[in-house]
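The values are calculated or read from the model by the stated rules, or taken from the named source; none is laboratory data. Keep in mind it's a predicted model, so treat the numbers as computed, not measured. Counting neighbours? That spans all protein chains shown, and the Cβs are built from the backbone with ideal geometry, glycine included. Surface accessibility is based on the protein's heavy atoms, side chains included, excluding ligands, DNA and RNA. Shrake-Rupley method; radii C 1.70, N 1.55, O 1.52, S 1.80 Å.
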Amino acid sequence: MKVLVTVKRVVDYNVKVRPKADGTGVDIANAKMSMNPFDEIAVEEAVRLQEAGQASEIVVVSLGVSACQEVLRTAL
């Protein structure tokens with residue numbers, strides 16, 4: 001069985017998010033980004049399945065800008 005885990009690049013949970021000056025959204029220009037904590041749990045569970053012999057391969061996917069490569073490397 002192959003396991004597919006989707007991961008998302010989000011603002012780090014330790015960072016306090018500030019709104020933009022014009023009020024149109026969130027200012028993430030200088031914010032630290034990381035993998036969604038719930039996605040980290042999913043990756044760990046996929047590894048447990050593989051170690052138990054229930055999964056043969058783990059595939060991790062992330063959609064977005066090229067900076068998502070950082071999140072994929074974290075999942076490795």
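Could you work out what % of the accessible surface of region 1-44 is carbon and sulfur, using a 1.4 angstrom probe and leaving DNA, RNA and ligands out of the count? Solvent-exposed carbon and sulfur of region 1-44 make up 55 percent of the total. Summing +1 for each Lys or Arg and -1 for each Asp or Glu among the other residues whose beta-carbon sits under 15 angstrom from that of GLN54 gives -2. Run down the aspartates and glutamates and flag those whose C-alpha is under 15 Å from the C-alpha of LYS20, throwing out any fewer than 8 positions away in its chain. Within the straight-line limit of under 15 Å, LYS20 reaches no aspartates and glutamates at all.
For the chain, the longest stretch holding no trypsin sites (Lys or Arg not before Pro) located in a DSSP loop with at most 10 other Cβ atoms within 10 Å is which? Numbers along the way, then the final one.
On the way: sites that count: LYS16, LYS32.
With a cap of 10 other Cβ atoms within 10 Å, the longest stretch comes to 33-76.
When the Debye formula is applied to the Cα atoms of region 1-40, each taken as the same point scatterer, what base-10 log of I(q)/I(0) results at q = 0.16 Å⁻¹? Per q value, in the given order, log10 I(q)/I(0) is -0.50.
Determine the dipole magnitude for region 2-75: charges of +1 sit on the beta-carbon of Lys and Arg, -1 on that of Asp and Glu, nothing else is charged, the reference point is the Cα centre, and the result goes in debye to the nearest 20.
Details: 9 positive and 10 negative charges, 50 e Å.
Using Cβ point charges on Lys, Arg, Asp and Glu, region 2-75 gives about 240 debye.
The alpha-carbon atoms of region 2-75, seen along their principal axes, cover 52, 22, 17 angstrom, with the largest extent given first.
Since only GLN69, VAL7, VAL17 are under comparison, the one whose Cα sits farthest along the positive direction of the charge dipole of region 2-75, derived from C-beta charges on Lys, Arg, Asp and Glu, is VAL17.
Within straight-line reach of LYS2, meaning a Cα separation under 18 Å, there are no lysines at least 8 residues removed in sequence or on another chain.
Computed from backbone phi with θ = phi - 60° and the Karplus coefficients 6.51, -1.76 and 1.60, the 3J(HN,Hα) list for region 26-39 is 9, 7, 10, 4, 10, 7, 6, 10, 8, 6, 4, x, 5, 6 Hz; x is used for glycine and proline.
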